[in-house]
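A quick write-up on the structure given underneath.
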Amino acid sequence: MKLIIGNKNYSSWSLRGWLAAKQSGLHFDELVSPLFGEGWEQRRSTDTLQPSWGKVPILWDGDNVIWDSLAIMEYFADRVGRDRFWPKDEAARGMARAMVAEMHSSYAALRSECPMNIRRRFEGAQLSEQCQEDIVRILGLWAEARARFGKGGPFLFGTFGAADIFYAPVVSRFISYQVKIPGFAATYMEAMWEHEWMQQWIAASEEEEWVIEQYETIPN
């Protein structure tokens with residue numbers, strides 16, 4: 001089983017796919033394909049499978065090729081059991097799925113204005129009203145998940161799972177762009193940042209030499 005990912009410093013979708021692979025407990029080999037680096041465009045044009053054209057992460061498991069982070073997570077859930085990723089409680093599971101789907105398809109302003117950059121801390125970022133609305137929405141979802149279903153541990157639904165995997169890059173963004181957050185969110189973010197797998201990813205990102213200039217500019 002091979003997981004193709006982009007730069008750990010910048011690739012938020014790769015982080016989700018990688019965390020899903022770690023959560024599965026299955027062995028996988030990790031291959032890094034630097035975003036926009038030498039060979040990137042060639043790989044885009046020579047992929048034999050059109051759906052995976054120029055995308056990361058991509059999971060190869062025998063004849064199975066899965067090229068979307070949510071699909072990768074669901075593939076692992078099918079392999080090892082859905083309870084490893086999703087809450088057992090029906091109401092909690094429903095909310096977790098809705099939150100993951102919303103993260104997968106929404107928050108365009110936050111994604112655009114605050115690209116993931118684990119190594120950097122931006123001071124004085126001027127975020128648009130639309131981006132601020134995305135932040136408020138996310139914090140509201142975090143607050144509800146923690147209040148209703150977070151009694152069993154420090155993560156959104158108590159124990160680490162799918163929702164945490166999908167909001168992990170948001171945690172990084174909030175730290176990098178020094179977003180003002182309430183206390184409960186700071187506690188959750190600390191638990192996420194100190195998670196063993198996040199620390200492994202962060203350490204690896206700090207060792208990377210690639211720099212993508214378009215992701216090094218502060219919003220203004």
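The values are calculated or read from the model by the stated rules, or taken from the named source; none is laboratory data. Model, not experiment: these values are computed from the prediction. Every residue, glycine as well, gets a Cβ built from its backbone with ideal geometry; the counts of neighbours run over all protein chains shown. Just the protein is used for accessible areas: all its heavy atoms, side chains included, with ligands, DNA and RNA removed. Shrake-Rupley method; radii C 1.70, N 1.55, O 1.52, S 1.80 Å.
Do we find that Phe166 is at pLDDT 95 or above, in contact with a Lys or Arg (Cβ under 7 Å, 6 or more places away or on another chain) and of a type in the set (A, V, I, L, M, F, W, C) in this structure? Yes. Among the residues of segment 98-107, are any farther than 18 Å from Tyr167 by Cα and of a type in the set (Ser, Thr, Tyr)? Taking every residue of segment 98-107 in turn, none turns out to be farther than 18 Å from Tyr167 by Cα and of a type in the set (Ser, Thr, Tyr). Residue count for segment 114-129, restricted to those that are more than 18 Å from Ser12 (Cβ to Cβ) and either surrounded by 14 or more Cβ atoms within 10 Å (Cβ to Cβ) or among the small types (Gly, Ala, Ser) (or both): 2. When residues in segment 130-160 are screened for being in a loop (DSSP other than H, G, I, E, B), among the charged types (D, E, K, R) and either closer than 20 Å to Arg82 by Cα or open to solvent by less than 30 Å² (accessible area, probe 1.4 Å) (or both), 0 of them pass. Scanning segment 64-101 for residues that are touching a Pro at 6+ places or on another chain (Cβ under 7 Å), modelled with pLDDT of 95 or more and either aliphatic (A, V, I, L, M) or crowded, with 20+ Cβ neighbours inside 10 Å (or both) yields a total of 3. Of the residues that make up segment 48-58, is at least one touching a strand residue (DSSP E or B) at 6+ places or on another chain (Cβ under 8 Å), outside any strand (DSSP E or B), at pLDDT below 95 and of a type in the set (Gly, Ala, Ser)? Yes, because at least one residue in segment 48-58 is touching a strand residue (DSSP E or B) at 6+ places or on another chain (Cβ under 8 Å), outside any strand (DSSP E or B), at pLDDT below 95 and of a type in the set (Gly, Ala, Ser).
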